[in-house]
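Notes follow the structure.
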Amino acid sequence: MKIHKFMFENKNSELKIEPISFSDLSLLVGVSGVGKTLILQSILDLKRIARGKSLDGVAWEVQFSIGEDNKYLWKGSFEKTGNADIGNALYDEDDDEADEIIPRPKIIYEELCLK
């Protein structure tokens, strides 16, 4: 899978990564504290969402391709419950017991399109 464009927002931490375009070779360069690690952590959060994890207050939009021909746009958003500090550590794709403690954030919308 190749990521072409990426946008990510976490309403709980007030993190907003404006759309970033990636080419065949992309380097994240900058002084300490400008957000390189936050970009990488946000991509890992997107991977967690793709595997079924619910992340409180998160919205995303990613354009990607698999193979040479088809580009896809995947975007979505979870509700902000205010339980992010406790809940995001508990919510797991196979953890039904955590749902009894703190309900998972509901997905507001999700869309996958072939571009």
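At-a-glance table
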| read-out | value |
| --- | --- |
| Listed pairs Lys5/Lys36; Lys36/Lys71; Lys16/Lys47; Lys47/Lys115; Lys11/Lys75 exceeding 19 Å between Cα atoms | Lys36/Lys71; Lys47/Lys115 |
| Local electrostatic count, Pro19, Cβ distance below 13 Å [Lys/Arg +1, Asp/Glu -1] | 0 |
| Enclosed volume per residue, in Å³, of the convex hull spanned by Cα atoms of region 1-92 | 97 |
| Under 18 Å from the Lys115 label point (7 Å along Cα→beta-carbon), backbone N, region 38-74 | 43, 46-47, 60-74 |
| Net length gained if the chain between Lys106 and Ile3 were fully extended (0.36 nm per residue, minus Cα distance) | 34.5 nm |
| Amide proton proximity set for Ser54, modelled H, under 5 Å, gap of 5+ | none |
| Solvent accessible area, Å² - Leu25, 1.4 Å probe, full protein context | 130 |
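The values are calculated or read from the model by the stated rules, or taken from the named source; none is laboratory data. Please read all numbers here as calculations on a predicted model, not as lab measurements. Every residue, glycine among them, receives a Cβ derived from its backbone with ideal geometry; neighbour counts consider all protein chains shown. Just so you know, the surface numbers come from the protein's heavy atoms only, side chains and all, with ligands and any DNA or RNA stripped out. Shrake-Rupley method; radii C 1.70, N 1.55, O 1.52, S 1.80 Å.
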